[in-house]
Amino acid sequence: MSPTEQAAPALDHAAAAARFVANDAKAHWHDQALWWVRKKRDAASGVVPDWEALRDAAAGIKAHTLSRLAEYLEEFARNAEARGAQVHFARDAAEHNAIVHRILEERGITRLVKSKSMLTEECHLNPYLEARGITVTDTDLGERIVQLRHEPPSHIVLPAIHIKKEEIGELFHAELGTEKGASDPKYLTEAARQHLRQKFLEAGAGLTGVNFAIAETGGVVVCTNEGNADMGSTLPRVHIACMGVEKLVPRRQDLAVFLRLLARSATGQPVTTYTTHFHGPRPDGELHIVVVDNGRSRQLADKVFRRSLSCIRCGACMNTCPVFRRSGGYSYGFIVPGPIGSILAPGRDASAHRTLPFASSLCGSCSDVCPVRIDLHHEIWAWREEIVRRGLLPWPKRAAMKVAGLVLRFAWLYRLTGWLARRLLPALPRGLAYGRWNAWGRQRELPPMPRRTFRVLYRSHRDRS
Amino acid sequence: MLTVGLFVPCYIEQLYPEVGLATLRLLERHGVRVEYPEDQTCCGQPMSNSGCTTEAKPLAERFLRLFRGYEYVVAPSGSCVSMVRNHYDGFLDGQPGFDHLKRSTYELCEFLVDVLKLPRIEGAFPHKVGLHQSCHGLRELRLGAGSERRVAPFNKVQLLLSELKGIQLVELARQDECCGFGGTFSVNEEAVSCMMGRDRIADHERAGAEIVTGVDMSCLMHLDGLIRRERKPLQVMHVAELLDRAEAAA
């Protein structure tokens, strides 16, 4: 294995998670806030009589679309251009950023309002544009909060879920001049609204993400709750919509499946407050659609991990994940955290994100809430195999598994090792048995060490009967 | 007479032999002939789900060799049965006897309900019991509907427990959240693992449980480790032991 491969990971999830857990009250608050969203999702999905069939349909449509993605992309671009939109294709993040910058620069635009787009976060568009003299304002309330704090989002749907309202009150007092000590959500939201209204009016262009792009019509659909994407796309003359290639659906009628699943899975709402369809630019305006690959076609070529390209970014896997709820979005060190992030991140850079596939108890709850039936916990398991295959598992863990594998291949060796452990451990002084080597015993007692094994009990049971 | 190969997971064989014995007694009491292949060690799950396929494969092959002759294989564990049923394909696909092995390996409660078709266990267990839904039993073997899915509610373990005389099954706030054991996860991610475990224990305590039961001793071993460290009055008991005691008391 090469030295670069053994370099420290970008972020060790277990260590970051331990820091999060150390603040017990906040970790429990975070867990409960997200569990509340999970319960809302349960209730909202429960009123749809054919929920499981909808999930089947969504998975089927996505699998079909991905199986002929190139054809649908061409159809989409043709139809979008026929409606007057300008379609740009970007191979990677750098091309995406350059395209967006060129559109703004050619028109002399220096102020951009953005409505939440995970893709532009993935491409690190904000710092790129800011370095070139463009003021970028995120306009979703949560996004604006993390932008003012100079932080990335900690969740793809609830970007500021890790921040308490009192902390937002302090931030807004410093940044927007709200009253000191005020933390009433209604008051703070109104302050943000007034502040953002000004930004919308000043902006030369609005950038939005895309939830669905329809091949058959050439339209794009954006789902939001705050209406800011609608403000950003209608007040300025130029609208830039950025999408990953996987956002395609073949027909308009497919939305009947996805729109019923998306908001229910994400926040437990029957549908998002605003579902806006853009078919071409408005009469005096421009609509640019930037279609980005950035590693997606490589993922599509991988027969194990291609299913995770079906993700519609609802965040349900994060809300249900018992590990995410107790470790926070930042512990993943990737723009998409949680179970889906643990699959996507190592796909980008396996070495940097090698701890993420192990940040899961493999409980499988994510796979069961996923509206497009991605077998998330099995893909996480498959990534572990990939990490080992590439020599990225730290050697003490690799060595432990080699030894265990050897011991368990021979019944006599297994019995001898078991016998030794059961005799030796109870005989050790407590300080030694619960020494630094024993991660299990830091907070837990070791299991009992009985003198007789089941094999012995079985023999005496047979002797009696 | 139905012959069953008894599959006793390695850590149960070594650390919780009474659970194996309770499984054996239960099966025999219901007219099953049980054989325990003595050379079994481990199904290979810890290596496999750490990604170490090279180490797991010989153990899967060994398992097939020891168990392929049986009509049924039964184990007091949802997780290890799931290993055989759902994760051996990569190691054993196409090998003679593997298809049969995969189809005929059962978790104990599942075997009692689906194969023996017991309408109920005649027994008494006058205690307040919290049922911990071990994840692999629940979501990989589908021993129950699970709170995530919108399907008709069912639960094979609860079905067996609820018919016992005097038992009070407590209602949990989070009916099927993971306890945080997760195999090597319990030491790799020790901080989160223990927080998850403590949260589960608190849920059972609030619901008034005296005993926490479940199909996987590994989850219970983790919970018990936390319970004993904090000297809580709660007890853990594998469902095989609970059913065996209840039946013996009847």
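The values are calculated or read from the model by the stated rules, or taken from the named source; none is laboratory data. Everything quoted here is computed from the prediction, not taken from an experiment. Virtual Cβ from ideal backbone geometry, glycine too; neighbours counted across all protein chains shown.
Yes or no, residue by residue, for (1) more than 27 Å from A:HIS377 (Cβ to Cβ); (2) in the same structural domain as B:PRO46 (by TED's automatic domain parsing):
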| position | (1), (2) |
| --- | --- |
| B:ARG85 | no, yes |
| B:TYR88 | no, yes |
| B:GLN95 | no, yes |
| B:ILE121 | yes, no |
| B:HIS132 | no, no |
| B:HIS136 | no, no |
| B:GLU140 | no, no |
| B:GLY144 | no, no |
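Only one of the numbered conditions (1) within 7 Å of another protein chain (Cβ to nearest Cβ); (2) of a type in the set (Val, Ile, Thr); (3) closer than 20 Å to B:SER186 by Cα is not met by A:VAL403, and that is (1). For the range A:437-465, taking the residues that are over 17 Å from B:ARG229 (Cβ atoms) and either modelled with pLDDT under 95 or more than 8 Å from every other protein chain (Cβ to nearest Cβ) (or both), the one that is nearest to the chain's Cα centre (by Cα) is identified as A:TRP437.
Report those helices (runs of 4 or more DSSP H) wholly inside the range A:284-392 carrying at least 1 residues which are out of contact with any His (no Cβ under 8 Å at 6 or more places or on another chain), surrounded by fewer than 24 Cβ atoms within 10 Å (Cβ to Cβ) and more than 14 Å from chain B (Cβ to nearest Cβ). Outline the logic, then answer.
Values: elements: A:296-300, A:316-320, A:322-327, A:338-348, A:365-369, A:376-389.
Once the helices (runs of 4 or more DSSP H) in the range A:284-392 are filtered for at least 1 residues that are out of contact with any His (no Cβ under 8 Å at 6 or more places or on another chain), surrounded by fewer than 24 Cβ atoms within 10 Å (Cβ to Cβ) and more than 14 Å from chain B (Cβ to nearest Cβ), what remains is A:296-300, A:338-348.
Taking the criterion of being over 30 Å from A:PRO396 (Cβ atoms) and either in contact (Cβ under 8 Å) with a residue 40 or more places away in the chain or more than 8 Å from every other protein chain (Cβ to nearest Cβ) (or both), the only residue of the range B:37-54 that qualifies is B:PRO37.
How many residues does the range B:1-36 hold that are in contact (Cβ under 8 Å) with a residue 60 or more places away in the chain and basic (Lys, Arg)? Of the residues in the range B:1-36, 2 are in contact (Cβ under 8 Å) with a residue 60 or more places away in the chain and basic (Lys, Arg). Total residues in the range A:411-465 satisfying the condition of being part of a loop (DSSP other than H, G, I, E, B) and among the acidic types (Asp, Glu): the figure is 1.
Restricted to helices (runs of 4 or more DSSP H) entirely inside the range B:1-98, those with at least 3 residues that are of a type in the set (A, V, I, L, M) are B:17-29, B:53-67, B:78-87. For the range B:128-146, a tally of residues being crowded, with 18+ Cβ neighbours inside 10 Å and assigned to a loop (DSSP other than H, G, I, E, B) returns 6. Candidates A:GLU170, A:GLU143: the one that is under 30 Å from A:ASN319 (Cα atoms), over 27 Å from the mean Cα position of the chain (by Cα) and part of a helix (DSSP H, G or I) is A:GLU170.
Here B:CYS80 meets the list (1) within 30 Å of A:THR355 (Cβ to Cβ); (2) over 17 Å from the mean Cα position of the chain (by Cα) almost entirely, failing just condition (2).
Does B:ALA60 satisfy the criteria of being under 20 Å from the mean Cα position of the chain (by Cα) and buried (at least 24 other Cβ atoms within 10 Å of the Cβ)?
Working: under 20 Å from the mean Cα position of the chain (by Cα): yes; buried (at least 24 other Cβ atoms within 10 Å of the Cβ): yes.
So B:ALA60 passes the test.
Do we have any residue at all in the range B:66-74 that's farther than 25 Å from A:GLY391 by Cβ, within 12 Å of another protein chain (Cβ to nearest Cβ) and buried (at least 20 other Cβ atoms within 10 Å of the Cβ)? No, because not a single residue in the range B:66-74 is farther than 25 Å from A:GLY391 by Cβ, within 12 Å of another protein chain (Cβ to nearest Cβ) and buried (at least 20 other Cβ atoms within 10 Å of the Cβ). Residues in the range A:173-216 that are surrounded by 19 or more Cβ atoms within 10 Å (Cβ to Cβ) and part of a loop (DSSP other than H, G, I, E, B): A:THR178, A:ALA203, A:GLY209, A:VAL210, A:ASN211, A:ALA215. Here A:TYR414 passes the criteria (1) surrounded by fewer than 17 Cβ atoms within 10 Å (Cβ to Cβ); (2) within 7 Å of chain B (Cβ to nearest Cβ) except the one numbered (1).
For the structure I just gave you, tell me whether B:ARG103 is free of Cβ contacts under 8 Å to residues at least 40 places away in the same chain, under 27 Å from A:ALA53 (Cα atoms) and either in contact with a Leu (Cβ under 6 Å, 6 or more places away or on another chain) or within 11 Å of chain A (Cβ to nearest Cβ) (or both). If you could, list the steps in order and put the result at the bottom.
Details: free of Cβ contacts under 8 Å to residues at least 40 places away in the same chain: yes; under 27 Å from A:ALA53 (Cα atoms): yes; either in contact with a Leu (Cβ under 6 Å, 6 or more places away or on another chain) or within 11 Å of chain A (Cβ to nearest Cβ) (or both): no.
No: the conditions fail for B:ARG103.
A:SER45 falls short on exactly one of the conditions (1) modelled with pLDDT of 95 or more; (2) surrounded by fewer than 20 Cβ atoms within 10 Å (Cβ to Cβ); (3) within 24 Å of the chain's Cα centre (by Cα), and that condition is (2).
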